[in-house]
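In what follows, a single structure is set out as structure tokens and then discussed.
Bear in mind that the values in this text are calculations on the coordinates, not laboratory data. Because the structure is a prediction, the values reported are computed rather than measured. Ideal geometry is used to build each Cβ from the backbone, glycine not excepted, and the neighbour counts take in all protein chains shown.
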Amino acid sequence: MSVATKHYKAVGAQAAIQDASPHRLIEILFSALLDRLAQAKGAMRHGDRHSKGLALGRAASIIAALRGAVIEDGGELANNLDALYEYLERRVLEANLRNDQGIVEECSDLVGPIAQAWGEINPERVKTFGGA
């Protein structure tokens, strides 16, 4: 990929983020997390420890951002999400240290249904009920 193409994609991604609603930002984070986990798994398959480390490092940063977005006094659901994100942070670190594709798959399997459910939320309908 050329430098110009990379720059074009980066500018496009930045513009999408700047114009995104809070709901859409979380969707973007989930998508990026799943992408990074897939990249890490592929890098592990090919024995590319450098790319694996970069992908898992980025995955950990995304998980931290998701964890930071959890509402502090959000009740049981928020507490469960926080605990899940904490668990994912530990497992991503462990996957990196052990070079373990199974752990990466476990993380993807845990995040996938939540990302899908989040994507099915209609943010306009939530607004009508006084939500986000």
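What the table below lists for this structure:
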quantity	calculated
Stretchable slack from LEU93 to GLN116, in nm (0.36 nm times residue separation minus alpha-carbon distance)	5.9 nm
Inter-probe distance in nm under a simple model that places probes 7 Å from Cα toward Cβ, at ARG49 and GLU76	4.5 nm
Most to least packed among 63-76, 43-56, 83-96 [average Cβ atoms within 10 Å]	83-96, 43-56, 63-76
